[in-house]
1. Quick test of your reading of the structure: Trp183 fulfils all but one of (1) open to solvent by 70 Å² or more (accessible area, probe 1.4 Å); (2) aromatic (Phe, Trp, Tyr); (3) in contact (Cβ under 8 Å) with a residue 12 or more places away in the chain. Name the failing condition by number.
2. Within region 142-161, can one find any residue that is under 14 Å from Tyr200 (Cβ atoms), modelled with pLDDT of 95 or more, β-branched (Val, Ile, Thr) and more than 23 Å from the chain's Cα centre (by Cα)?
3. When you go through (1) open to solvent by less than 30 Å² (accessible area, probe 1.4 Å); (2) under 20 Å from the mean Cα position of the chain (by Cα); (3) touching a residue at least 40 places away in the same chain (Cβ under 8 Å) one by one for Thr190, which number turns out not to apply?
4. Any idea which of (1) buried (at least 20 other Cβ atoms within 10 Å of the Cβ); (2) over 30 Å from Arg278 (Cα atoms); (3) in contact with a Ser or Thr (Cβ under 9 Å, 6 or more places away or on another chain); (4) among the hydrophobic types (A, V, I, L, M, F, W, C) is the one Leu94 doesn't satisfy?
5. Say whether the condition of being touching a residue at least 60 places away in the same chain (Cβ under 8 Å) and open to solvent by less than 20 Å² (accessible area, probe 1.4 Å) is met by at least one residue in region 133-143.
6. Taking into account only those residues within region 51-73 that are more than 25 Å from Leu110 (Cα to Cα) and part of a helix (DSSP H, G or I), which is most open to solvent (accessible area, probe 1.4 Å)?
7. Scan region 202-218 and report the pairs whose first residue is among the acidic types (Asp, Glu) and whose second residue is part of a loop (DSSP other than H, G, I, E, B), with Cβ atoms within less than 6 Å and a gap of 6+ or a chain change.
Amino acid sequence: MPSENIFISPFFLLYQCLTLLRLGNPHHSFPPSLRQLCPASLRMESLPEAVLIRILASLPAVDLVLVCRLVCCQWKNLVDGAALWILKCQQEGLTRAESDTENWQSFYFLSKKRKNLIKNPCGEEDLEHWGEVENGGDGWKVEELPGDFGKEFPSEEVHKYFVTSYEWCRKAQVIDLRAEGYWEELMDTTQPKIMVRDWYAGRSDAGCLYELCVKLLSENEDVLAEYKSETITIPQDNDANWTEISHTFSSYGPGVRFVRFEHGGQDTLFWKGWYGVRVTNSSVTVEP
């Protein structure tokens, strides 16, 4: 059968190229026999750019960055450009105003990765995952919402909270950003915003104190940026409503590898038991 009558689809060529790259073909090229079977008019490099973008957009994002980008200058430019990632965002329902997005590739990856990096934020696992625990007075305790002289939390998904005692209680978590999938180049060049949130409340029959401190740390745990709230005083006979406190880190410079989240408090009446500040639903997110 004449080779001109054999049809090799662009998708098949793309698959062959990815396979060769994964197997470590140093020349990133097709075998001569495959090129002979494929008329020049059907080769990938002859496709209109819009068609090639649609084909590439059907591939997993990791393959695009780690494999396709190495094929040739044309593919590298497409993978580094905005059009391919805008299409992938549209296909997967990740929306944002184009004027608000400088790097669509980063926006795509950050959107897919976005999650709360604090483990056990609401006490469902007691004090699991929390370190550097300071148990002043009778120490930390986990209670069910709404608790004595308390109010329900604004979200029905939250069922428990941590409560402090009559001397200062604190606890912390250190988040390893690389272990969570945020690679060094992303953190150093894009420097995505890091959003920190926490919720606190007091009992209506007791006064209490609350503090939040969050640090961005380097590889050697040097402090590169820090947010520390004032010591917040909740008076006795308060309304027991839950209050959110938040902070956004941006333009913090290169080198951030860890986030250290710490909060704590105590009561102001020094009553034995657990009459201090209540905290729950803590979160740290890397924003797209």
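1. Only one criterion in (1) open to solvent by 70 Å² or more (accessible area, probe 1.4 Å); (2) aromatic (Phe, Trp, Tyr); (3) in contact (Cβ under 8 Å) with a residue 12 or more places away in the chain is unmet by Trp183, namely (3).
2. Scanning region 142-161, I find no residue that is under 14 Å from Tyr200 (Cβ atoms), modelled with pLDDT of 95 or more, β-branched (Val, Ile, Thr) and more than 23 Å from the chain's Cα centre (by Cα), so the answer is no.
3. Going through (1) open to solvent by less than 30 Å² (accessible area, probe 1.4 Å); (2) under 20 Å from the mean Cα position of the chain (by Cα); (3) touching a residue at least 40 places away in the same chain (Cβ under 8 Å) one by one, Thr190 breaks only (1).
4. For Leu94, the failing item is (1).
5. Pass one, region 133-143, residues touching a residue at least 60 places away in the same chain (Cβ under 8 Å): 134, 136-138, 141, 143.
Right, trim to open to solvent by less than 20 Å² (accessible area, probe 1.4 Å) and you get 136.
Looking for residues that are touching a residue at least 60 places away in the same chain (Cβ under 8 Å) and open to solvent by less than 20 Å² (accessible area, probe 1.4 Å), one finds at least one in region 133-143, hence yes.
6. Going through the qualifying residues, I end up with Cys73.
7. Asp205/Phe149; Glu211/Ser229; Glu211/Thr231
Every residue, every condition in (1) over 19 Å from Ala240 (Cβ atoms); (2) open to solvent by less than 80 Å² (accessible area, probe 1.4 Å); (3) in contact with a helix residue (DSSP H, G or I) (Cβ under 8 Å, 6 or more places away or on another chain); (4) not in a loop (DSSP other than H, G, I, E, B), yes or no:
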position	(1), (2), (3), (4)
Pro154	no, no, no, no
Glu157	yes, no, no, no
Tyr166	no, yes, no, no
Arg178	yes, no, yes, no
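The values are calculated or read from the model by the stated rules, or taken from the named source; none is laboratory data. The shown structure was predicted, so the numbers you read here are calculated from the model rather than taken from an experiment. Note that we place each Cβ from the backbone using ideal geometry, even for glycine, and neighbour counts take in every protein chain shown. Ligands, DNA and RNA are excluded from the accessible area calculation, which covers all protein heavy atoms including side chains. Shrake-Rupley method; radii C 1.70, N 1.55, O 1.52, S 1.80 Å.
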